[in-house]
Amino acid sequence: MGGLPKQTSVAVIGAGTMGSGIAQVAATAGHKVCLYDAVPGAAQKGKEGIARSLNRLVEKGRIDEQTSAVMLARISAVEDLASCRSSSLIIEAIVEDLAAKRDLFGQIEGLCADDAILATNTSSLSITAIGADLHRPHRLVGMHFFNPAPVMALVEIVSGLATGRDIADTAYATAEDWAKIPVHAKSTPGFIVNRVARPFYAEGLRVYAEGGTDPATIDSVMRGSGGFRMGPFELMDLIGNDINAAVTRSVWQAFHCDPRYTPSLAQEELVAAGRYGRKSGAGWHAYGADAPAPSAVTAAPAPAPNQVLVEGHLGPAESLVTELERAGIPHARTDSNEVDSAGALVLDDTVLRLTDGRPATELAAELDEGHKLVLFDLAFDYARADRIAVAAADQTDPGAVAAAAGLFQALDKDVSVIDDIPGMIVARTVAMLANEAAEAAYQGVANPAAIDLAMVKGLNYPRGPLDWADRVGIEWICGLLSNLATVYGEDRYRVSPMIRRKTWSRKGFHDDG
Ligand code: NAI
């Protein structure tokens with residue numbers, strides 16, 4: 001199915017941040033755009049904003065002045081809704097309020113042609129609920145653009161109960177024609193991105209709230225080890241803790257207070273203090289001219305090991321053996337019965353193991369040489385990681401921690417020693433992202449490929465969570481989650497049936513194409 005022909009006109013209702021951005025996208029793609037806002041003069045202001053945005057593109061040499069003028073001339077700022085009556089696609093980007101959106105679509109339906117497509121840019125309301133009172137609810141679809149709309153490629157095409165497949169397909173094809181990357185999603189709380197991303201913030205907040213380490217260290221580990229562009233705390237400060245906490249609360253409430261989405265008291269305390277983030281000058285971090293740059297906890301330099309014994313298979317950390325090779329650290333493989341299921345890197349007085357979701361202290365209690373145990377965190381790519389978190393058991397000798405730091409430093413990585421938190425930082429976050437993505441797939445919100453694409457294109461994740469699970473091993477993810485569930489005894493960490501199913505079938509999320 002094709003998208004809307006270029007000669008058809010598009011209306012955008014609401015000329016704020018999102019409406020202006022969407023109008024720019026549609027005009028850039030070649031459509032005539034009718035931009036309307038309820039506040040007198042706001043549509044014209046929106047158009048002026050678009051002019052500034054196009055000017056910046058001219059300054060950067062992305063488009064020439066003539067193209068910019070042609071694009072801008074396609075946009076008419078109008079002062080009455082009736083001027084949008086001949087549009088084939090009407091995209092609503094007004095205030096996030098169900099009653100206001102219902103009322104608006106009721107008016108639009110009375111004005112526009114029967115075959116017009118009605119789209120809403122809502123980020124959290126049910127498409128089904130918005131369309132419930134319409135005469136033609138099958139013509140309403142969600143087109144969820146991300147901010148800033150001209151820059152962000154992802155568009156979630158969201159279908160409510162009544163949305164016609166042909167309408168969703170036309171919206172999808174139109175978004176593609178507009179050089180966007182659309183994904184189909186079912187109307188459920190948070191759709192794909194705002195739902196699947198919750199653990200990215202929530203697990204960082206848990207590690208912090210449990211005294212694992214400070215926000216700057218968590219951010220550094222998530223960037224340096226996890227491969228994420230930003231850590232959770234700096235991202236919450238950028239989004240605004242008030243906005244981020246409100247999205248969390250709305251998803252949690254929409255899921256009838258499912259403990260998976262329980263908001264963080266630590267974040268709500270910050271919001272209560274007015275520390276919203278960058279916009280208020282302080283959040284998790286301080287901002288402003290003389291604010292100190294956030295600084296991660298970093299271990300003092302320690303000597304490199306003389307020799308490393310590699311026991312068993314290191315699972316998702318197996319590539320560390322290549323890194324030992326590359327760094328010229330003498331190493332040998334041994335077979336040992338002491339380490340049962342997972343492998344270990346054994347130094348003179350230190351046994352290093354990848355976290356499996358159990359606290360080091362629990363694991364140490366089971367090992368003959370528990371006083372030597374140090375756990376390390378998952379990395380996106382151990383070759384590229386520039387920081388690794390390690391955690392010791394309560395029984396561990398201090399010398400073992402220094403020796404562990406010496407090993408990773410010899411591999412050119414900074415080391416952050418954190419407290420003995422189950423699943424550490426990256427591992428528990430990636431496992432919970434995969435769990436949430438699997439749950440969304442299981443509940444038919446979208447297919448695995450669409451979910452991964454949405455997370456990569458909507459939030460710049462280095463890899464889709466389900467692809468990540470496939471690569472590190474779904475059994476490893478399942479084991480880690482089960483251990484978290486046991487340690488915490490919380491339903492929050494229950495394993496998605498889809499994850500279990502994959503461990504039994506031994507099929508990956510992307511095995512079926
Ligand atoms: P905004 O506050 O910047 O703009 C909303 C505009 O709608 C205002 O200019 C307001 O005057 C106008 N408006 C309000 N009621 C109206 C009505 N009945 N008829 C016509 N115009 C009306 O808000 P923003 O951020 O652009 O959000 C708009 C929608 O997009 C919301 O549904 C929001 O949830 C959604 N969204 C927002 C994102 C963001 O990052 N800001 C991202 C994705 C979706």
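Computed from the coordinates by the stated procedures, all read-outs in this text should not be read as laboratory data. These figures come from a predicted structure and were not determined experimentally. Cβ coordinates were reconstructed from backbone atoms using ideal geometry, including for glycine residues, and neighbour counts include every protein chain displayed.
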> How much mean residue ellipticity at 222 nm does the chain get from its helices, if each DSSP H run of length 4 or more adds -39500 (n - 2.57) and you divide by all residues, to the nearest 500 deg cm²/dmol?
Replying inline: -12500 deg cm²/dmol
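Report the full-extension gain for the segment I63 to E79: residue separation times 0.36 nm, less the Cα-Cα distance, to one decimal in nm.
The I63-E79 span can extend by a further 2.8 nm.
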> Separation of the range 130-179 and the range 293-315 by C-alpha centroid, Å?
Replying inline: 49
>> At a threshold of 8 angstrom on Cα-Cα distance, excluding pairs fewer than six apart, so keeping six or more, what relative contact order does the range 43-143 reach in percent?
In response: 24
> Which value, in Å³ per residue, describes the convex hull spanned by the Cα atoms of the range 268-331?
Replying inline: 196
>> Could you order the peptides 287-296, 221-230, 128-137 from most to least packed, using the average number of other C-beta atoms within 10 Å per residue?
In response: 221-230, 128-137, 287-296
> What relative contact order, as a whole-number percentage, does the chain give when Cα pairs under 8 Å and 6 or more residues apart are counted?
Replying inline: 12
>> Given points 7 Å out from each Cα along the Cα-Cβ axis, report the Q253 to D368 separation in nanometres with one decimal.
In response: 5.8
> Using the scaling law 2.2 N^0.38 Å as the reference, what is the normalised Cα Rg of the chain?
Replying inline: 1.09
> Per 5 Å bin, what is the whole-percent P(r) computed from every C-alpha pair distance within the range 96-228?
Replying inline: 2, 10, 17, 17, 15, 12, 8, 7, 6, 4, 2, 0
> Using just the C-alpha positions of the range 213-289 as equal point scatterers, what log10 of I(q)/I(0) does the Debye formula give at each q in 0.22 1/Å?
Replying inline: -1.01
> How far, in degrees from 0 to 90, does helix 198-209 lean away from the longest principal axis of the Cα atoms of the chain, to the nearest 10?
Replying inline: 40
> Considering the alpha-carbon set of the range 106-173 alone, what are its Rg and its Dmax in angstrom?
Replying inline: 11.9, 35
>> If the only charges are +1 at each Lys and Arg Cβ and -1 at each Asp and Glu Cβ, what is the size of the charge dipole of the chain around the Cα centre, to the nearest 20 debye?
In response: 1860
>> Using only the alpha-carbon atoms, what does the range 252-291 span along each of its principal axes? Please give whole angstrom values in decreasing order.
In response: 43, 13, 13
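What full-extension length gain, to one decimal in nm, is calculated for A246 and V487 as 0.36 nm per residue of separation minus the Cα-Cα distance?
83.9 nm
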>> Can you give the local net charge around R494? Use residues other than it whose beta-carbon is closer than 13 angstrom to its beta-carbon, Lys and Arg +1, Asp and Glu -1.
In response: -2
> Given Cα pairs under 8 Å that are at least 6 residues apart, what percent is the relative contact order of the range 240-310?
Replying inline: 23
> If the chain between L265 and Q443 were fully stretched, how many nm would it gain, using 0.36 nm times the residue separation less the Cα-Cα distance?
Replying inline: 61.2 nm
> Rounded to the nearest 20 Debye, what is the dipole magnitude of the range 257-385 about its Cα centre when Lys and Arg each give +1 and Asp and Glu each give -1 at the C-beta?
Replying inline: 820
>> Rounded to the nearest 5, what % of DSSP beta bridges with both residues in the range 70-163 are antiparallel?
In response: 35
> Per residue, how much space in cubic angstrom lies within the convex hull of the C-alpha atoms of the range 284-412?
Replying inline: 131
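What percent antiparallel are the DSSP beta bridges of the chain, to the nearest 5?
On the way: 14 of 53 bridges.
Among the beta bridges of the chain, antiparallel pairing accounts for roughly 25 percent.
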> Of P215, G190, L161, which is farthest on the positive side of the dipole of the range 158-220, counting Cα position, with +1 on Lys and Arg Cβ, -1 on Asp and Glu Cβ, and the Cα centre as origin?
Replying inline: L161
> Under 13 Å from a point 7 Å along the Cα-to-Cβ line of D349: which residues of the range 298-333 have their amide N that close?
Replying inline: 303
> So how tilted is helix 474-488 from the main axis of the chain? Cα-based, degrees 0 to 90, rounded to 10.
Replying inline: 80
> At what distance in nm do the modelled label points of D511 and L98 sit from each other, each positioned 7 Å from its Cα along Cα→Cβ?
Replying inline: 4.1
>> For the range 374-434, take the convex hull of the Cα atoms, compute a quarter of its surface area, and give me that in nm², please.
In response: 4.0
> Sorted by packing (mean other beta-carbon atoms within 10 Å per residue), highest first, where do 432-439, 461-468, 274-281 land?
Replying inline: 432-439, 461-468, 274-281
>> Can you give the log10 of the normalised intensity I(q)/I(0) at q = 0.12, 0.18, 0.21 Å⁻¹, computed with Debye over equal Cα scatterers of the range 1-150?
In response: -0.46, -1.01, -1.34
>> Tell me the Rg and the Dmax, in Å, that the Cα atoms of the range 354-513 produce.
In response: 16.8, 50
> Can you give the direction-averaged projected area of the convex hull of the alpha-carbon atoms in the range 221-260, in nm²?
Replying inline: 3.4
> Say the dipole of the range 173-288 comes from +1 at the beta carbon of Lys and Arg and -1 at that of Asp and Glu; which of S250, G204, A272 then lies farthest toward its positive end?
Replying inline: S250
